[in-house]
Amino acid sequence: MNRTSSDLASIDFSCPATSSEGNSWNLKISSWNVNGIRALVDKNGLEYLQHEKPDIFCVQETKCPKKNIVSEALVEGYSTYWLSGDSEGYSGVGLYTKVKPISVKYGIGIEAHDQDGRVIMAEYEKFNLVVAYVPNAGRKLVRLKYRMEWDVAFRDYLVDLEKKKPIVLCGDLNVAHQEIDLTNPKTNRKTAGFTREERDAFTALLDCGFVDAFRHLYPDVTRAYTFWTYMMNARAKDIGWRLDYFVISKSLLPNLCDSVIRKDVFGSDHCPITLFLSI
């Protein structure tokens with residue numbers, strides 16, 4: 001059976017890693033596709049925050065308009081920002097932050113891509129944070145054409161944004177970049193999230209001066225998954241995909257301490273990921 005609850009007390013949330021310059025981390029950012037913020041609250045999933053204690057916590061697939069965010073989803077010590085799409089119960093992203101951002105903007109400025117509530121940008125003193133829930137290409141790839149249009153527009157948005165400050169992008173990017181990033185690459189080449197088109201688009205993003213933080217630190221680590229379908233007892237069997245990322249500007253590499261996957265935190269079909277920076 002797939003587990004639904006976490007033994008949080010048994011997880012070591014500390015981080016002894018330092019940056020390439022030998023500096024300890026002083027900023028922790030966590031990200032989680034929660035598959036419904038209200039469902040997560042019902043499962044006591046936000047207890048995770050009490051143990052992880054991130055400075056910034058980004059959530060995707062909230063499936064809830066701001067007006068319907070329950071009080072139990074608000075956490076003392078964090079300011080919150082929410083964005084939902086035009087269709088209730090679909091998509092949506094959120095941001096919890098201990099340090100109030102200089103500014104917060106919603107969407108990427110293109111109406112055709114901003115209807116689903118997929119992007120929040122928060123400006124901080126030394127970087128711009130982007131939390132994103134990238135569109136899925138759909139069963140039988142019915143939305144692959146739209147996904148390709150999104151990928152180009154989103155890449156252009158990030159490249160332009162980086163001209164102002166370095167970027168930390170996090171979220172469910174709905175792509176397993178390399179064969180190492182999913183259990184069954186050979187049988188999923190025509191499955192949403194692992195098409196050549198989606199993978200090449202992610203490569204094109206990295207080629208614009210960005211780095212997949214986890215793979216930079218752990219290029220050969222296998223079974224580093226962040227998503228498991230609810231079907232076929234996949235999580236218990238660890239048949240998964242790495243769909244959730246921290247992508248950072250190359251200029252932030254000297255600040256990078258660690259990027260970790262919290263596989264033992266349950267409550268969604270994804271698990272949280274956490275980035276440690278010295279900044």
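The values are calculated or read from the model by the stated rules, or taken from the named source; none is laboratory data. Everything numeric in this text was worked out from a predicted model, so none of it was measured. Virtual Cβ from ideal backbone geometry, glycine too; neighbours counted across all protein chains shown. Side chains are part of the model used for accessible areas, which takes the heavy atoms of the whole protein and leaves out ligands, DNA and RNA. Shrake-Rupley method; radii C 1.70, N 1.55, O 1.52, S 1.80 Å.
Some values worked out for this structure:
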| read-out | value |
| --- | --- |
| Sole exception among (1) outside any loop (DSSP other than H, G, I, E, B); (2) more than 23 Å from SER30 (Cβ to Cβ); (3) open to solvent by 20 Å² or more (accessible area, probe 1.4 Å) for HIS216, by number | (2) |
| Complete set of residues in the range 147-183 that are closer than 17 Å to PHE127 by Cα, open to solvent by 10 Å² or more (accessible area, probe 1.4 Å) and among the β-branched types (Val, Ile, Thr) | VAL159 |
| Scope the range 92-139; condition hydroxyl-bearing (Ser, Thr, Tyr), surrounded by 15 or more Cβ atoms within 10 Å (Cβ to Cβ) and over 13 Å from the mean Cα position of the chain (by Cα); matching residues | TYR96, THR97, TYR106, TYR124 |
| Selection status of LYS126, part of a loop (DSSP other than H, G, I, E, B), more than 30 Å from LYS237 (Cα to Cα) and in contact with a strand residue (DSSP E or B) (Cβ under 7 Å, 6 or more places away or on another chain) | no |
| Which numbered condition TYR81 fails, given (1) modelled with pLDDT of 95 or more; (2) over 15 Å from the mean Cα position of the chain (by Cα); (3) in a loop (DSSP other than H, G, I, E, B); (4) not charged (D, E, K, R) | (3) |
| Qualifying residue in the range 177-186 (condition: touching a Phe, Trp or Tyr at 6+ places or on another chain (Cβ under 6 Å) and farther than 13 Å from TYR245 by Cα) | yes |
| From VAL265, VAL211, residue being closer than 21 Å to LYS126 by Cα and either assigned to a strand (DSSP E or B) or not small (Gly, Ala, Ser) (or both) | VAL211 |
| Matching residues, the range 95-142, being of a type in the set (Ser, Thr, Tyr) and touching a Lys or Arg at 6+ places or on another chain (Cβ under 9 Å) | TYR124, TYR133 |
| Residues of the range 14-52 classified as touching a residue at least 60 places away in the same chain (Cβ under 8 Å), closer than 19 Å to LEU217 by Cα and assigned to a loop (DSSP other than H, G, I, E, B), total | 8 |
| Subset of the range 135-155 that is assigned to a loop (DSSP other than H, G, I, E, B) and of a type in the set (Gly, Ala, Ser) - its residue that is farthest from ARG196 (Cα to Cα) | GLY138 |
| First in the range 235-248 and at pLDDT 95 or above, second anywhere and open to solvent by less than 30 Å² (accessible area, probe 1.4 Å) and charged (D, E, K, R), Cβ under 7 Å, 6 or more apart | TRP241/ASP181; ARG242/ASP181; LEU243/ASP172; ASP244/ASP172; TYR245/ASP212; VAL247/ASP212 |
| From the options GLU72, GLU88, residue that is free of Cβ contacts under 8 Å to residues at least 40 places away in the same chain and assigned to a helix (DSSP H, G or I) | GLU72 |
| Conditions (1) in contact (Cβ under 8 Å) with a residue 60 or more places away in the chain; (2) open to solvent by 10 Å² or more (accessible area, probe 1.4 Å); (3) closer than 23 Å to PRO16 by Cα; (4) among the aliphatic types (A, V, I, L, M); number of the one not met by ILE261 | (1) |
| Where MET231 falls short, out of the listed (1) over 26 Å from PRO16 (Cα atoms); (2) modelled with pLDDT of 95 or more | (2) |
| Failed condition for TYR245, given (1) closer than 20 Å to ALA132 by Cα; (2) outside any strand (DSSP E or B) | (2) |
| Selection count, the range 156-181, where residues are in contact with a Leu (Cβ under 9 Å, 6 or more places away or on another chain) and either assigned to a loop (DSSP other than H, G, I, E, B) or over 19 Å from LYS250 (Cβ atoms) (or both) | 8 |
